1. Would you please name the trypsin sites (Lys or Arg not before Pro) within the stretch 112-213 that are DSSP coil residues with at most 12 other C-beta atoms within 10 Å of their C-beta?
2. Taking R0 as 22 Å, what FRET efficiency do you get between residue 5 and residue 127 from their Cβ-Cβ distance, rounded to the nearest 0.05?
3. Under the rule a/c < 1.5 gives rounded, and otherwise a/b versus b/c splits prolate from oblate, where does the stretch 90-177 land using the Cα gyration tensor?
4. For the chain, what is the mean residue ellipticity at 222 nm derived from helices alone (per DSSP H run of n ≥ 4: -39500 (n - 2.57); sum divided by total residues; nearest 500 deg cm²/dmol)?
5. Tell me, in nm to one decimal, what length is gained between residue 70 and residue 24 on full extension, where the rule is 0.36 nm per residue of separation less the Cα-Cα distance?
6. If you keep only loop residues by DSSP, which trypsin sites (Lys or Arg not before Pro) in the stretch 62-104 have at most 13 other Cβ atoms within 10 Å of their Cβ?
7. Rounded, prolate or oblate, given the Cα gyration tensor of the chain, with a/c below 1.5 counting as rounded?
8. I'd like the Karplus ³J(HN,Hα) series for the stretch 129-137: coefficients 6.51, -1.76, 1.60, θ = phi - 60°, whole numbers in Hz, and an x wherever there's a Gly or Pro.
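Please treat every number below as a calculation from the coordinates, not as lab data. Because the structure is predicted, anything quoted here is derived from the model rather than measured. With ideal geometry, Cβ positions are generated from the backbone for all residues, glycine too; neighbour counts draw on all protein chains shown.
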Amino acid sequence: MAKIKKLIIACDGESASGKSTAAKLVSKKYKLLLINSGLIYRYCSKLIINNKPKNVISFLKKKFKTISYRVIAKQKLHSEEISNHVAILAKDKKVRGIVNQLQMRIIKKNNRICVEGRDIASKILSKNPKYDLAFYFKCNLRVAAFRRWVDIKKLVPLKVVKKSLKLRTSLDKKRKNSPLVRVKDAILIRSDKLNKKEVLAKMSNSIDKFLSN
């Protein structure tokens, strides 16, 4: 594969829709820097849960002055407590502003990047810089809940995980600030109908077509 000078990919989707796994696979194949915006929000929740600050915004601003994404990516952030907390936290416009600043600092330093989350194509990479390709991930709730249940080592009942995912997706789609939407040119990936290999093949097909133009 010829060296890619520029490739900016946006991956959006519902909770446990397979976007994180797919983003990892495609980033590895095309040697892209991977940014998982969901992890940054989860890290915010972990900091708040552990420290219980009186002023959340000033606390997060201070913490985020020196934080590196590499440190965030190494944290354990997929507990049910964090999942339920972050669903509410992600609605806060000021918190989104803090997270977005960190993401943009990283994005503007890298021409080869894959960013995944819920408002990447519609907000973060909508312009300056704009994504080259956008993917939108969708997965049946039953399948998504089972996958997340396995991910958290079956530590809580499956029905609790299912209820949590349903609530999170509903909050993401209905929130006032940067709701989860599929942009017009986003390529739909149904991860409940495709296995990992097929997901990567479908994404690679679109990426290779773009690169050959």
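1. Values: sites: 112, 118, 123, 127, 130, 138, 142, 147, 148, 153, 154, 159, 162, 163, 166, 168, 173, 174, 175, 176, 182, 184, 190, 193, 196, 197, 202, 209; in loops: 118, 127, 153, 154, 175, 176, 182, 184, 193.
In loop regions of the stretch 112-213 (DSSP not H, G, I, E or B), the sparsely surrounded trypsin sites (Lys or Arg not before Pro) are 127, 153, 154, 176, 184, 193.
2. Between residue 5 and residue 127 the formula returns 0.65.
3. It comes out prolate by the Cα gyration axes.
4. Rounded to the nearest 500, the figure is -16500 deg cm²/dmol.
5. Numbers: separation 46, 0.36 × 46 = 16.56 nm, distance 1.46 nm.
Between residue 70 and residue 24, full extension yields 15.1 nm more.
6. 65, 74, 76
7. Working: a/c = 1.76, a/b = 1.20, b/c = 1.46.
Since a/c reaches 1.5 but b/c is at least a/b, the shape of the chain is classed as oblate.
8. Running phi through 6.51 cos²θ - 1.76 cosθ + 1.60 with θ = phi - 60° gives x, 9, 4, 7, 9, 10, 10, 10, 9 Hz.
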